[in-house]
1. Using a cut-off of 9 Å between beta-carbons, work out the net charge of the residues near Ile160 (Lys and Arg +1, Asp and Glu -1, Ile160 not included).
2. Note down the relative contact order for the chain as a percent, whole number, built from C-alpha pairs under 8 angstrom at least six residues apart.
3. Hey, which lysines would be in cross-link range of Lys148, C-alpha to C-alpha under 27 Å, not counting anything within fewer than 8 residues on its own chain?
4. Given H placed on each backbone N at 1.01 Å, which residues far from Gly157 in sequence or on other chains put an amide H within less than 5 Å of it?
5. If I model a spin label as a point 7 Å beyond the Cα along the Cα-Cβ vector, how far apart are those points for Asn81 and Val183 in nm?
6. For a quick check, take a GNM of the chain with Cα springs below 10 Å and name the residue from Thr68, Thr130, Thr245 with the largest mean-square fluctuation.
7. Working from the alpha-carbon coordinates of the stretch 127-287, get Rg over Rh, Rh being the Kirkwood radius.
8. State whether the stretch 193-288 is rounded, prolate or oblate according to the following rule on the C-alpha gyration tensor (a ≥ b ≥ c being the square roots of its eigenvalues): a/c under 1.5 gives rounded; otherwise a/b larger than b/c gives prolate, and the remaining case gives oblate.
Amino acid sequence: MMFPLVLDLAADKIPVAVTCRVLGFSKQAFYAWKANPVSQRDWDDAHLINAAVDIHHDDPEFGYRFITDELERVGIKASRNRVNRLCTQQRIFSNHSRKRGPARLPGPPVHEDLVARRFRAAQPNLLWLTDITEHPTDEGKLYLCAVKDACTNRIVGYSIADRMTSELAVNALRNAVALRRPVGTVVHSDRGSQFRSHAYVRALRDAGLVGSMGRVGACADNAAMESFFSLLQKNVLNRQRRWHTREQLRLAIVVWIERTYHRRRRQDALGRLTPIEFETLLQTAHAA
């Protein structure tokens, strides 16, 4: 909009009529804008854009369709066409959409790296590790976010969903907090957008936990979680050539974690005990 430029030039003693004529609009249009410089529509668009930016920051894979649904959930009604126009104007696009040029790197960390690849802890609830994995089904991808205790190797919280959103990571964290009731636990993750989201950072703060993040492109910075996902891949995900439904795969993951990984799979790092046995031994020793 060129109207503010007319005001700037008028302050420099350049007549309004001259500026309007040069810029190609009438004095009447300028004075109408000056009497009401921000229309109600512009004001509403600005609020809608702010809400859309917040939604996209928390869940970067959301395109304008999902953003429209989320806006309605928080009480802002707008058509998909309007949201699409404003998102395009502000360059708010889904991370899953096709992009030209080089791939974007993860954003800046919201926490320091407090782990430095030291993935063992002397006691439960001193250090948790978390990450997200995915696997296809005939109905689409299924996502798992897991939280692992670095002392006992137990999966203390997890969440499974059909979309990789910040809610997936937040729910896994809340499940872990409900099970363990920790205080001051360090929670280490990579720089995925779900772990940098406002919702996840707020969940950490509300639970009294301390965030930690690895470096960009350094897969070894969360190697302990990668080893768990590798076991999951070999023992569950690759067990069938195709998974027909998300529910079928979800049930297989839950059964393997709760029955096999926790209670049957003995680990060298735990003295050939299972995570549940090792945790029980620690609790008994602590009580004694």
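1. +1
2. With pairs under 8 Å counted, the relative contact order is 15 percent.
3. Lys234
4. Residues meeting the amide H criterion: Val147.
5. 5.8
6. Answer for the Gaussian network model of the chain: Thr245.
7. Taking Rg over the Kirkwood Rh, I get 0.96.
8. oblate
Here, each number is a calculation from the coordinates, and none is a lab measurement. In this text the structure is predicted, and so the values were computed from the model without any measurement. Please note: Cβ atoms are built from the backbone with ideal geometry, for glycine as well, and neighbour counts cover all protein chains shown.
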